[in-house]
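Down below is the structure, laid out as structure tokens.
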């Protein structure tokens, strides 16, 4: 029991030490500030528009590849001709 406590205690203390080193600030706060700045100066809309155009280009490429992979001619199955009993 004592061994388990000794092994788990450092794992419980590591996150609190990491937060103390950062001064209590988290990445979430930094990301929120960056997103707000992007929304103010228009970079957010440009990033969204670029993502949409990339998605459209990817879909067009995927559809073109799907059209190329389909055979140009269609094959139909038919019953094989009966062989004569003379073979």
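The values are calculated or read from the model by the stated rules, or taken from the named source; none is laboratory data. Computed from a prediction, not measured in an experiment: that's the story for all the values here. We place every Cβ from the backbone using ideal geometry, glycine too, and count neighbours over all the protein chains shown.
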Quiz item: Right, residue 4: surrounded by fewer than 10 Cβ atoms within 10 Å (Cβ to Cβ), modelled with pLDDT under 90, out of contact with any helix residue (DSSP H, G or I) (no Cβ under 6 Å at 6 or more places or on another chain) and assigned to a helix (DSSP H, G or I) or not?
Solution: yes
Quiz item: residue 19 versus (1) modelled with pLDDT of 65 or more; (2) surrounded by 10 or more Cβ atoms within 10 Å (Cβ to Cβ): which is the lone unmet condition?
Solution: (1)
